[in-house]
Structures are given as C-alpha cells and as structure tokens.
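Presented below is the structure to which this report refers.
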Amino acid sequence: MDKIKTILTLIAIIIGALAVLAGIGLVYSLLNYILVFAVLCLAGYVAIKLFVKSEPPQLNSPDPRNELKNVQRLLDQYKKDQ
C-alpha cells in the first residue's frame, strides 16, 4: 500500500509540474502575440502617417498668420483711402 501511495504522489507531482509549465507557456505565447500585434499596429500607424497626404490648408482657415496679414492689408488700404 505504501508503494502505491508513493507512486500516486509522484504521478500527481509530475502532472502538477506539467500543468504549471503549460500555464507558463500559455502566458509566454500570449505575450508574444501581443508584442507582434503591437509591432504591426505601430508599423501601420507609421505607414499611414507617411503615405497619406495631408489636406491643403483652407483659404479661410482661422490661421493667426492669415488673420494678421488680412488685418495688415486692411490697415494699409485704410491709410491709402485717407
């Protein structure tokens, strides 16, 4: 009876060790897939930023430089009229 108990204990320890190693392998695989997915997303983001042309600026955009130029033109025209 003592031999059977020892053999069953050893089998339980081996099965437990295999389960722990399988869990570690699962976590490692998941982290690997997450890393590959993150690299692919980063590559896609960079590709979109590089290859997609930005829209040309609108003529009536509220750009401060355009507003300042418009004000300067109005002042120059006002001075000419007077």
V46 and T6 label points (each 7 Å along its Cα→Cβ direction) are spaced in nm at 6.1
Place +1 on the Cβ of every Lys and Arg and -1 on the Cβ of every Asp and Glu in the chain, take the dipole about the Cα centre, and give the residue among A47, L8, L26 whose Cα lies farthest towards its positive end. A47
Check cross-link reach from K53 to the lysines: straight Cα distance under 29 Å, and skip same-chain residues fewer than eight apart. K69
Binning every alpha carbon pair distance of the chain at 10 Å from zero, what are the percents per bin? 13, 14, 13, 12, 11, 10, 8, 7, 6, 4, 2, 1
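Values in this text are rule-based calculations from the coordinates and carry no lab data. Remember, predicted model here, so these are calculated numbers, not experimental data. Because the Cβ atoms are built from the backbone with ideal geometry, glycine has one as well, and the counts that use them run over all protein chains shown.
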